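Data block below; observations after.
Just so it is clear, none of the values below were taken in a lab; they were calculated from the coordinates. What you see is a predicted model, and the numbers here were worked out from it, not measured in a lab. All Cβ positions, glycine included, derive from the backbone under ideal geometry; neighbour counts span all protein chains shown.
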Amino acid sequence: MRILFIVNPVSGMGWGRELPGKLRSMPEYRDVAYDIEYTQYAGHGRELVEAARESGNHTHIVAVGGDGTVNEVGTALFGSDIAFSVVSLGSGNGFARHLGYSQFVRKALRQLLTGISVHVDVLEINGLYSLNVSGVGFDAEIAHEFNTLKIRGVLSYVYAGTKRWFRYSEKRYKITFDGKSIEEDCFILSFANASQYGNNVSIAPHASLTDGLVDICLLKRPTFWSVHSFLFYMLNRRLDKFKYFKELQCREAVIEGDIHKVHIDGEAVIMHSPIHLKVHRKALKVVLPTHI
């Protein structure tokens with residue numbers, strides 16, 4: 001085993017810079033060969049992965065950072081036999097939470113040493129890759145609003161969501177999948193490879209990383225009186241019980257409608273209709289924790 005840690009130095013208020021000291025203090029890593037690289041700009045993580053793939057010097061690559069770092073590093077390993085792992089420093093950490101990684105750095109570092117390797121699916125969205133949850137609609141509005149804020153963290157997501165809640169209405173989308181088409185008015189329209197946005201807020205209670213399917217999650221705008229039920233179901237992974245929610249599963253789909261703001265694993269992206277979704281089965285090798 002030889003591990004490459006790719007660290008976003010600004011995630012988690014700069015906590016990634018403490019990684020060398022943490023590793024030196026852990027007896028589990030005393031005989032483990034590892035290297036550490038810090039990203040310096042957007043896209044640098046992908047370049048570091050590409051260089052590692054060419055060199056063939058590493059058996060494992062670990063993204064140390066938030067959801068953007070996880071997506072950048074993980075998708076760059078598409079089709080590789082290098083095992084991917086995550087140490088979370090960000091705000092949501094949805095992919096890491098779905099896999100079962102601890103949000104405590106030392107525990108996550110131990111988990112990646114004792115976990116088992118499995119191959120998981122990757123979702124393609126108009127040529128971009130998604131490991132976790134992407135979408136259009138209100139969640140994309142939040143991502144774009146959050147992207148304008150100087151302060152990161154959960155409270156900033158709450159602020160962005162509250163601000164956009166009163167300014168965003170449903171939009172009508174046409175969804176073509178499995179040889180049929182439907183049209184729906186949606187407040188949220190998410191494309192889920194895994195189950196949650198992050199912070200245990202679950203949008204796709206039936207999503208699996210290994211079933212070869214994307215879960216298309218359709219949510220009508222909750223009424224004022226049902227908002228508390230909506231939040232309860234999301235936080236308890238039971239959104240399928242909410243009457244304004246619908247979930248479709250398929251291998252490929254085309255989404256058409258008034259599309260401009262999109263998010264890919266929480267990162268704000270501009271994209272236009274139509275959106276083509278495609279699942280790539282078992283395209284990414286990951287380390288799955290065997291204990292929580």
(message) Please report the antiparallel percentage of the DSSP beta bridges confined to the stretch 4-152, to the nearest 5.
(response) 20 percent
(message) Rounded, prolate or oblate for the stretch 2-114? Axes are the square roots of the Cα gyration tensor eigenvalues, ordered a ≥ b ≥ c, and the cut-off for rounded is a/c under 1.5.
(response) rounded
(request) Only loop residues by DSSP count here, and only those with at most 12 other Cβ atoms within 10 Å; note down the chymotrypsin sites (Phe, Trp or Tyr not before Pro) in the stretch 139-211 that meet that. (result) Phe166
(request) Report relative contact order for the stretch 128-281 in percent, whole number only (criteria: Cα-Cα under 8 Å, sequence separation at least 6). (result) 29 percent
(message) Given the -39500 (n - 2.57) contribution per DSSP H run of 4+ residues, what per-residue ellipticity at 222 nm results for the chain, rounded to the nearest 500 deg cm²/dmol?
(response) -7500 deg cm²/dmol
(message) I'd like the orientation of helix 105-114 relative to the chain: the angle between its Cα long axis and the longest Cα principal axis, in ° from 0 to 90, rounded to 10.
(response) 80 degrees
(message) Looking at the chain as a GNM with Cα springs under 10 Å, which of Ser181, Ser91, Ser202 has the largest mean-square fluctuation?
(response) Ser181
(message) With both bridge residues required to lie in the chain, what share of the DSSP beta bridges run antiparallel, to the nearest 5%?
(response) 75 percent
(message) On a 19 Å Cα-Cα criterion, which of the cross-link pairs Lys220/Lys243; Lys171/Lys246; Lys261/Lys285 come out too long?
(response) Lys261/Lys285
(request) Could you tell me whether the stretch 75-154 comes out rounded, prolate or oblate from its Cα gyration tensor? Rule is a ≥ b ≥ c as square roots of the eigenvalues, rounded for a/c under 1.5, then prolate if a/b exceeds b/c, otherwise oblate. (result) oblate
(request) With a/c under 1.5 counting as rounded, go ahead and sort the stretch 171-292 into rounded, prolate or oblate using the C-alpha gyration tensor (a ≥ b ≥ c being the square roots of the eigenvalues; past the cut-off, prolate if a/b is larger than b/c, else oblate). (result) oblate
(request) With everything on Cα atoms, drop me the angle between helix 154-165 and the longest principal axis of the chain, reported from 0 to 90° to the nearest 10. (result) 20 degrees
(request) Compute the acute angle (0 to 90°) between the alpha-carbon long axis of helix 44-55 and the principal axis of greatest extent of the alpha-carbon atoms of the chain; round to the nearest 10°. (result) 50 degrees
(request) Name the most mobile residue of Gln40, Gln111, Gln249, meaning the one with the largest mean-square fluctuation, in a Gaussian network model of the chain with Cα contacts below 10 Å. (result) Gln40
(request) Please report the relative contact order for the stretch 2-128, taking Cα pairs under 8 Å with a sequence separation of at least 6, and give it as a percent rounded to a whole number. (result) 25 percent
